[in-house]
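The values are calculated or read from the model by the stated rules, or taken from the named source; none is laboratory data. Note that this is a predicted model, so its numbers are computed, not measured. Quick reminder, even Gly has a Cβ in these numbers, built from the backbone with ideal geometry, and neighbours come from all protein chains shown.
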Amino acid sequence: MVNISTIVSDELYSWMQDIRRQLHAHPELSFKEFATSEFICEKLTELGIDSFVRRTGTGISVDLGPPESALLVGLRADMDALPIAEDTGLSFSSVNGGVMHACGHDGHVAMLLGAAALLQKMPLPGRVRLLFQPAEECGNGAVKMIEAGVLADMGMIFSGHIDTHYPAGAITVDEGIICAYADPFTISLQGNSGHAARPHEANDVIVAATSLVTSIQTLISREVDPNHAAVVTIGSLHAGETHNVIAEKAVLQGTIRSTHPDARKRLISGLKRMVNGISTLFAIHTILKFANDLPAVINSAKGAAVARDAASVVSPEGVMSQGLSSLGGEDFAFYLQEIDGCLVRFGAQKDDGSGPAHSSTFDFDENVLSIGAAWYAEVAMQYLQEKSVL
């Protein structure tokens, strides 16, 4: 066990806390993180780091350590916020109306900058590449970073996510699947409008849409092996303009989450069948489109081993399994399709009634900033030291 207080000083913690709060007050949406990106560069410059490279507009990569070294490990933090109006009452609440850091990405950036401060003072036996990634929330920021070449020569990549389901001071480490396949979809229904008093002259898409929403619920109960976790959610339904006109168009948006390839295949196939069936049943036109699908996050055994060793920054009882796979999606999955690595979770539970991630009242225990910074620095050193002696 490593005493975190000997790694992260009070001064460094205060610096990270200020960064987190500044970012929290000024959140930006996916691919619009321009001020966030500038702020990160300013903080890197404060540390004496000027080797950063702009990626995909707002993304940043930073290489530390001897440039001639063939050893390279990656550390990633996401930086975008969500289209949510904040209702936390925090003194550093969002000043950008309708935009909020409701998933901890402000903390992730602060942690990785803290790790940069720690790594700057260490004799590195190889290179460390810090990735400040845009657009995790829309699911393709990682793809853009990969296309920009950030994985070139990289041996492994690591990341962590703040999670208030776990107690403060915990780090979860697991190999295998830890986040689900995520398949967002849009269903458009087109009928014929008419007078509310003469439904026989129209094709009512609201009736069709609500019938479809109800039918979709049977996909889980009758299409999926009960041993495989999965969910289908309709999060948005828009149709109609007024009370006495039968709507001619409806648009549904939803997502399929699954933890097994067979379940994913059956759910997608079943949804297509149902949408086609609704078209025939109600004599309307339907279009089903999938976009920005995410593969599952599957931690490699080698990556998980290194991550678990690095979790020595907390007490032995603080290193734990997350349990069953989350049905949340994470675009870190795209990195893991290319190279070995591991995504861990940093416990940051609060007892003040804060809401869950993606809610208007989300908040986390800021002590997690020290744990995250220490783990990021430690996992990089663990990987480089192990490889340098081979």
### Evaluation of M111 against (1) in a loop (DSSP other than H, G, I, E, B); (2) hydrophobic (A, V, I, L, M, F, W, C); (3) modelled with pLDDT of 95 or more (one fails), failing number
(1)
### Task
Looking for whichever is in the same structural domain as Q349 (by TED's automatic domain parsing), modelled with pLDDT of 95 or more, surrounded by fewer than 22 Cβ atoms within 10 Å (Cβ to Cβ) and under 18 Å from the mean Cα position of the chain (by Cα) here; the options are V95, V99. Which one fits?
V99
### Count of the range 356-390 residues which are under 12 Å from T164 (Cα atoms) and either in contact with an Asp or Glu (Cβ under 8 Å, 6 or more places away or on another chain) or not assigned by TED's automatic domain parsing to the domain that holds A170 (or both)
2
### Query
Quick one: would you say I187 is under 26 Å from H238 (Cβ atoms), modelled with pLDDT of 95 or more and assigned to a strand (DSSP E or B)?
yes
### Where G323 falls short, out of the listed (1) at positive phi; (2) touching a helix residue (DSSP H, G or I) at 6+ places or on another chain (Cβ under 6 Å)
(2)
### Message
Looking at the structure I just gave you, is A135 modelled with pLDDT of 95 or more, crowded, with 24+ Cβ neighbours inside 10 Å, under 30 Å from A291 (Cβ atoms) and in contact with a His (Cβ under 6 Å, 6 or more places away or on another chain)?
### Response
no
### All positions within the range 247-286 that are touching a His at 6+ places or on another chain (Cβ under 9 Å), within 30 Å of G176 (Cα to Cα) and outside any helix (DSSP H, G or I)
Q253, S258, T259, H260
#### Entry: Subset of the range 15-58 (residues that are without any contact (Cβ under 8 Å) to a residue 60 or more places away in the chain and not aromatic (F, W, Y))
D18, K32, A35, E38, C41, E42, T45, E46, D50, S51, V53, R54
### Query
So, of the residues in the range 59-85 that are out of contact with any helix residue (DSSP H, G or I) (no Cβ under 9 Å at 6 or more places or on another chain) and part of a loop (DSSP other than H, G, I, E, B), which turns out to be surrounded by the fewest Cβ atoms within 10 Å (Cβ to Cβ)?
E68
### Query
So which residues in the range 126-172 are assigned to a loop (DSSP other than H, G, I, E, B) and of a type in the set (A, V, I, L, M), if there are any at all?
A135, A148, V150, L151, A152, M154, A168, A170
### Message
Contact list please: Cβ distance under 7 Å, first residue in the range 217-233 and in the same structural domain as R257 (by TED's automatic domain parsing), second residue exposed (fewer than 12 other Cβ atoms within 10 Å of the Cβ), pairs at least six apart or on different chains.
### Response
A229/L324
